[in-house]
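See below for the structure under consideration.
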Amino acid sequence: YQQEIAVLQEKLRASVQKLEEYEARLRGQDEQAQKVLLEYQARLEESEERLRRQQDDKDLQMKSIISRLMSVEEELKKDHSDMQAVVDSKQKIIDAQVCLVCRNMLTNRKHFLCRWH
């Protein structure tokens with residue numbers, strides 16, 4: 001029995017040693033996995049931050065473009081209004097000249113008719 005107990009105790013010691021080795025290896029793998037996970041999380045956060053900055057930059061660019069477009073639109077509206085005022089003014093002059101020409105034609109016609117009658 002003593003010999004069997006000694007053999008069993010030796011097997012138990014070997015099993016305990018293997019168990020400690022496995023636990024140590026498992027702890028090492030767990031630590032490595034944690035390290036990799038932390039690295040991936042840091043890279044992910046960095047990527048997300050970079051994407052947020054890029055989106056903010058694009059938003060600012062779009063706001064700038066929209067602002068410039070609105071400014072150009074207002075300028076075009078003002079130019080159109082100014083041009084319309086000039087056209088209206090010229091149209092009034094043309095209308096007045098047409099009336100003057102018509103009056104002159106009527107006057108000339110009256111004079112012409114008066115001379116022949």
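Is it the case that the stretch 55-75 has a residue that's in a helix (DSSP H, G or I), exposed (fewer than 10 other Cβ atoms within 10 Å of the Cβ), more than 17 Å from the chain's Cα centre (by Cα) and of a type in the set (A, V, I, L, M)? Taking every residue of the stretch 55-75 in turn, none turns out to be in a helix (DSSP H, G or I), exposed (fewer than 10 other Cβ atoms within 10 Å of the Cβ), more than 17 Å from the chain's Cα centre (by Cα) and of a type in the set (A, V, I, L, M).
Here's the yes/no breakdown for (1) modelled with pLDDT of 95 or more; (2) β-branched (Val, Ile, Thr); (3) exposed (fewer than 10 other Cβ atoms within 10 Å of the Cβ):
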site: Val36; (1), (2), (3): yes, yes, no
site: Glu48; (1), (2), (3): yes, no, no
site: Gln97; (1), (2), (3): yes, no, no
site: Thr107; (1), (2), (3): no, yes, no
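The values are calculated or read from the model by the stated rules, or taken from the named source; none is laboratory data. It should be emphasised that the depicted structure is a prediction, and the values quoted were computed from it without experimental measurement. For neighbour counting, all protein chains shown are included, and Cβ atoms are generated from backbone atoms with ideal geometry for every residue, glycine included.
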